[in-house]
1. Among the residues in the range 160-179, are any more than 18 Å from residue 107 (Cβ to Cβ) and aromatic (Phe, Trp, Tyr)?
2. Taking the stated definitions as given, is residue 35 over 14 Å from residue 2 (Cβ atoms), open to solvent by 50 Å² or more (accessible area, probe 1.4 Å), at pLDDT below 95 and more than 18 Å from the chain's Cα centre (by Cα)?
3. Suppose the filter is open to solvent by less than 30 Å² (accessible area, probe 1.4 Å) and under 21 Å from residue 192 (Cα atoms); does residue 14 pass it?
4. Considering only the range 76-97, I want to know if a residue exists there that is touching a Cys at 6+ places or on another chain (Cβ under 6 Å), assigned to a helix (DSSP H, G or I) and hydrophobic (A, V, I, L, M, F, W, C).
5. Just one of (1) among the β-branched types (Val, Ile, Thr); (2) closer than 17 Å to residue 100 by Cβ; (3) more than 18 Å from the chain's Cα centre (by Cα) trips up residue 127, so point out which.
6. Only one residue in 46, 92, 85, 71 is within 17 Å of the chain's Cα centre (by Cα), open to solvent by 30 Å² or more (accessible area, probe 1.4 Å) and not hydrophobic (A, V, I, L, M, F, W, C), so which one is that?
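The values are calculated or read from the model by the stated rules, or taken from the named source; none is laboratory data. Note that the structure is predicted; figures quoted are calculated from it, not measured. Note that we place each Cβ from the backbone using ideal geometry, even for glycine, and neighbour counts take in every protein chain shown. For accessibility, only protein heavy atoms count, side chains too; no ligands or nucleic acids. Shrake-Rupley method; radii C 1.70, N 1.55, O 1.52, S 1.80 Å.
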Amino acid sequence: MKLFDGGRAPNPRRVRVFLAEKGIAVPLVSVDMGALEHKQQAVSSRNPLQRLPVLELDDGTVLTESVAICRYFEELHPEPALFGRGALGKARVEMWQRRMEFNLLSCVAQAFRHIHPAMKEWEIPQIPEWGEANKPKAVEFLRLLDDELGSREFIAGDSYSIADITGLIAVDFMKPARIKVPDECANVLRWHQAVSSRPSAAA
């Protein structure tokens, strides 16, 4: 088994944080995305979309998409449960995971990909107006999230989950996307400090 890893990129990091929370060690194959190595044969032969991470199992089976990879490891190693417990708990985690992905991480990614000069050769066409349009969307969602976090410790309830991992990755990604968490979002800032202090956040 080996995991083709893209370093600081959000989705590869999401899997590494998940694995760290589980205490699972998987051999990493480092791919230099800055040098566009993810477009070379080693990755493209396994994932025609040329995106990371890519997990290759011992029998040669390939899994792509970060949350799918995390779900695979959740089934193999159910503790600690990062996708929730029971029908309602799992549904709540799924609900918030999707909200964090579509309403925050995606908006931050669009801002970064369409505005940052380093992405000019990646995002074709790069449309700065679209990047700017996504910045207030991310901030608006953070205000909603701040209200939610006023009554609980973690995003999907009382336990740390994949939704918190996606949220951590998204908020950290706001810095290169040049988006700031509003100062009045005290609950988001409290939550972010807490999840950033977990050892897994350094993965």
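1. Yes - at least one qualifying residue is present in the range 160-179.
2. yes
3. Numbers: open to solvent by less than 30 Å² (accessible area, probe 1.4 Å): yes; under 21 Å from residue 192 (Cα atoms): yes.
Considered against the rule, which asks whether it is open to solvent by less than 30 Å² (accessible area, probe 1.4 Å) and under 21 Å from residue 192 (Cα atoms), residue 14 comes out as yes.
4. At the first step, the residues of the range 76-97 found to be touching a Cys at 6+ places or on another chain (Cβ under 6 Å) are none.
No; the residues of the range 76-97 include none that is touching a Cys at 6+ places or on another chain (Cβ under 6 Å), assigned to a helix (DSSP H, G or I) and hydrophobic (A, V, I, L, M, F, W, C).
5. (2)
6. Details: 46 fails: within 17 Å of the chain's Cα centre (by Cα); 92 fails: within 17 Å of the chain's Cα centre (by Cα); 85 fails: within 17 Å of the chain's Cα centre (by Cα).
Step by step, each of 46, 92, 85, 71 is checked, and only 71 is within 17 Å of the chain's Cα centre (by Cα), open to solvent by 30 Å² or more (accessible area, probe 1.4 Å) and not hydrophobic (A, V, I, L, M, F, W, C).
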